[in-house]
1. Looking at (1) of a type in the set (Val, Ile, Thr); (2) surrounded by 11 or more Cβ atoms within 10 Å (Cβ to Cβ); (3) assigned to a loop (DSSP other than H, G, I, E, B), can you tell me which one THR3 breaks?
2. So which residues in segment 13-33 are over 12 Å from the mean Cα position of the chain (by Cα) and surrounded by 13 or more Cβ atoms within 10 Å (Cβ to Cβ)?
3. Would it be correct to say that THR34 is in contact with a Pro (Cβ under 6 Å, 6 or more places away or on another chain), among the hydroxyl-bearing types (Ser, Thr, Tyr) and in a strand (DSSP E or B)?
4. Looking only at strands (runs of 3 or more DSSP E) that fall completely inside segment 38-81, which ones have 3 or more residues that are open to solvent by less than 80 Å² (accessible area, probe 1.4 Å), touching a residue at least 24 places away in the same chain (Cβ under 8 Å) and under 30 Å from LEU4 (Cα atoms)?
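The values are calculated or read from the model by the stated rules, or taken from the named source; none is laboratory data. Note that the structure is a prediction, hence the values are computed from the model and not measured. Positions of Cβ are backbone-derived with ideal geometry, glycine not excepted, and every protein chain shown enters the neighbour counts. Areas reflect the complete protein model, heavy atoms only, side chains present, ligands, DNA and RNA absent. Shrake-Rupley method; radii C 1.70, N 1.55, O 1.52, S 1.80 Å.
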Amino acid sequence: MWTLIAGTGTITTPASPTSGVTALGIGANTFRWTISNGSCTPSTDDVIITRNATPTVSISSQSNVSCNGGNDGDATASASG
């Protein structure tokens, strides 16, 4: 059985070892798989999925080419996140 230990995310099929996860949070998200079998001690393993923030790109300057098919235009872009 999958359980969420830390972070955020929705386990689509908690009882399946091949379950998916939706709505994964930014940063580290820890999920635990637990196997229980009657009177035996449960066995667990943790999986950490890290989701990085989506970068933001902005164009700070640009100039068009002087003629169709030309190659004298330029653009300056910066990214963050």
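1. Every listed condition holds for THR3 apart from (3).
2. PRO14, SER19, THR30, PHE31, ARG32, TRP33
3. So THR34 fits the description; yes.
4. Counting at least 3 such residues, we get no strands (runs of 3 or more DSSP E) at all.
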